[in-house]
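I'd like to ask some things about the structure below.
The values are calculated or read from the model by the stated rules, or taken from the named source; none is laboratory data. Everything quoted here is computed from the prediction, not taken from an experiment. Don't worry about glycine lacking a Cβ; one is built from the backbone with ideal geometry, like all the others, and counts go over all protein chains shown.
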Amino acid sequence: MRKIYEYLSIDEKKEVVEKLKADLKELEQELNQNKNSFSKFVCEILYSTRDQWQLEIEELEKEIKANC
């Protein structure tokens with residue numbers, strides 16, 4: 001996904017960060033409420049997704065700060 005972000009403006013990157021944070025919050029709530037309902041495999045996928053989103057948020061925030 002990093003290549004996609006190269007073509008976005010700073011304002012678009014800020015918007016992406018906001019959306020990722022909102023989605024991350026929803027994912028964390030889902031995990032907290034229903035992690036016993038998921039198989040171990042599904043939980044690992046969801047945790048991996050969460051970690052990837054957190055890294056993307058951090059990287060985008062660094063890019064935004066560097067270009068402001």
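Report, by residue number, each residue of the range 1-17 that is surrounded by 11 or more Cβ atoms within 10 Å (Cβ to Cβ) and either in contact with a helix residue (DSSP H, G or I) (Cβ under 8 Å, 6 or more places away or on another chain) or of a type outside the set (D, E, K, R) (or both).
Listed by number, the residues that qualify are Tyr5, Leu8, Ile10, Lys13, Lys14, Val16, Val17.
Something else about it: Being hydroxyl-bearing (Ser, Thr, Tyr) and surrounded by 13 or more Cβ atoms within 10 Å (Cβ to Cβ) is the filter here; which residues of the range 33-68 pass it? Spell out how you get there, then give the answer.
At the first step, the residues of the range 33-68 found to be hydroxyl-bearing (Ser, Thr, Tyr) are 37, 39, 47-49.
Tyr47, Thr49 - these are the residues of the range 33-68 that are hydroxyl-bearing (Ser, Thr, Tyr) and surrounded by 13 or more Cβ atoms within 10 Å (Cβ to Cβ).
(1) without any contact (Cβ under 8 Å) to a residue 40 or more places away in the chain; (2) in contact with a helix residue (DSSP H, G or I) (Cβ under 6 Å, 6 or more places away or on another chain): which one isn't true of Leu20, the others all being true?
Result: Leu20 passes all but (1).
In the range 1-25, what count of residues is obtained for those that are in a loop (DSSP other than H, G, I, E, B) and within 15 Å of the chain's Cα centre (by Cα)? Before you say what the answer is, go through the steps one by one.
Taking the range 1-25 as the starting set, the residues that turn out to be in a loop (DSSP other than H, G, I, E, B) are 1, 6-9.
Restricting the remaining residues to those that are within 15 Å of the chain's Cα centre (by Cα) gives 1.
Number satisfying all stated conditions: 1.
Now for a different question. Is at least one residue of the range 35-45 free of Cβ contacts under 8 Å to residues at least 24 places away in the same chain and under 14 Å from the mean Cα position of the chain (by Cα)?
Keep residues of the range 35-45 that are free of Cβ contacts under 8 Å to residues at least 24 places away in the same chain, which gives 35-45.
Those still in the list that are under 14 Å from the mean Cα position of the chain (by Cα) too: 45.
Yes.
Which condition does Met1 not pass, out of (1) at pLDDT 95 or above; (2) in contact with an Asp or Glu (Cβ under 9 Å, 6 or more places away or on another chain), if it passes all the others?
The failed condition is (1).
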